[in-house]
Every structure is written in structure tokens, then in C-alpha cells.
1. Within segment 52-77, track down each residue that is within 20 Å of Lys133 (Cα to Cα), surrounded by 16 or more Cβ atoms within 10 Å (Cβ to Cβ) and touching a Pro at 6+ places or on another chain (Cβ under 9 Å).
2. Wholly within segment 78-169, which strands (runs of 3 or more DSSP E) include no fewer than the required count, namely at least 3 residues that are surrounded by 17 or more Cβ atoms within 10 Å (Cβ to Cβ), among the acidic types (Asp, Glu) and modelled with pLDDT of 95 or more?
3. Identify all residues within segment 151-169 that are touching a helix residue (DSSP H, G or I) at 6+ places or on another chain (Cβ under 9 Å) and among the charged types (D, E, K, R); write none if there are none.
4. Please count how many residues of segment 2-22 are over 14 Å from Glu168 (Cβ atoms) and either touching a Phe, Trp or Tyr at 6+ places or on another chain (Cβ under 9 Å) or modelled with pLDDT under 95 (or both).
5. Answer with yes or no whether Ile38 is surrounded by 14 or more Cβ atoms within 10 Å (Cβ to Cβ), touching a residue at least 60 places away in the same chain (Cβ under 8 Å) and not small (Gly, Ala, Ser).
6. Is it the case, given these coordinates, that Glu81 is in contact with a strand residue (DSSP E or B) (Cβ under 9 Å, 6 or more places away or on another chain) and charged (D, E, K, R)?
Amino acid sequence: MRFEYTHEFAFPVEEIERLMTHPDIGKFMSTRMPATIIGVEAKERVQEGSLLKRKVHYRPQPLIKSVGPIKVDPRWMEWMEQSTFDLARHEGQFVNTPIIKRIADQMENRGTVKLIPTAKGCKRVLTGELKVKIFMLGAIAERIINSNAEKILKDEAALLSALAASKEL
């Protein structure tokens with residue numbers, strides 16, 4: 001399944017980029033997005049010139065109880081983001097890998113994120129692909145995961161806007 005999410009911000013690219021990549025953004029996500037995220041933990045952060053490489057562990061709110069006859073352990077939905085963001089170009093690539101190997105073997109999620117200046121501020125465009133390789137249930141799981149990802153990213157965009165307005169971070 002291909003996806004694209006776009007979020008508009010009334011703030012310049014540099015400010016949204018600063019907040020998105022800030023070392024403490026996970027703490028704000030963990031405490032201010034309780035409907036979608038219960039934990040975000042930075043595991044690695046390395047900046048080499050304009051390239052920022054990160055590994056971040058995400059624990060979403062366990063919204064999926066089952067996929068067909070299969071019960072879903074909340075840990076199955078946790079993932080590790082491995083990303084490289086080019087701060088000079090305001091764009092990056094990411095790979096999200098489930099932390100449970102059995103789930104990771106059945107799922108692929110990767111894409112790009114771009115921050116683009118607009119007349120009113122900027123927009124963030126995330127594009128990519130999600131594949132769940134489970135016979136007959138993969139497409140259902142993809143739709144559920146996509147819907148949840150869309151909610152998480154919408155909440156994150158609202159948080160970024162609130163933080164930019166408040167200058168809290």
C-alpha cells in the first residue's frame with residue numbers, strides 16, 4: 001500500500017524542522033499525545049554535517065485488538081524508526097521496523113519526508129509504502145496500520161504547531 005500524508009503549518013520550514021528533529025520531541029509526544037502514543041525513546045542520534053541520523057523507538061496506544069482471528073499483542077505495533085534527515089535540503093528517508101522480529105519479518109514500511117515552504121509557512125509531505133506479508137489478512141492489516149499512522153501523524157502535526165506557537169521547546 002502506497003501512502004501520502006500532508007500537514008500544513010503556519011510556521012517556516014526551519015522552525016518545524018527544528019522541532020521535528022529536536023532531541024526532546026519524544027518526551028513531548030509521550031506526554032501530549034496520549035490518544036495515539038504512549039512512549040517515544042531516542043536510541044541514537046548522530047549529526048554529520050547537515051545529515052541527522054536517528055533511531056527512535058515508538059510505542060503507540062494499543063488500538064488494534066485483533067486482525068481477523070489473530071489476537072494482537074500491543075508490542076507487535078511498536079516500531080523502531082531509522083531515519084536520515086538532510087537539514088540542508090529539508091528532507092529525509094525513514095524505515096520503520098517492528099521491534100518484534102516475527103512481525104518485522106512480515107512487514108515493510110519505508111518512505112520520505114519533505115518540508116516545503118508555502119506562502120503561509122510550510123507543509124510536510126510524507127510518502128512511502130507499507131507492506132504486510134500475511135496471506136489474506138495483509139491488506140486488512142495495512143488499512144488498520146495506515147489509519148493509525150494517519151492519526152499519529154495528525155496528532156504530531158498539531159503538537160508541532162502548538163510547540164512552535166508557544167516557543168516551549
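The values are calculated or read from the model by the stated rules, or taken from the named source; none is laboratory data. Keep in mind that this is a model prediction, so the values were computed, not measured. Ideal geometry is used to build each Cβ from the backbone, glycine not excepted, and the neighbour counts take in all protein chains shown.
1. Residues satisfying the conditions are Ile64, Val72, Trp76, Met77.
2. none
3. The answer is Asp155, Glu156, Glu168.
4. Of the residues in that region, 4 qualify.
5. no
6. yes
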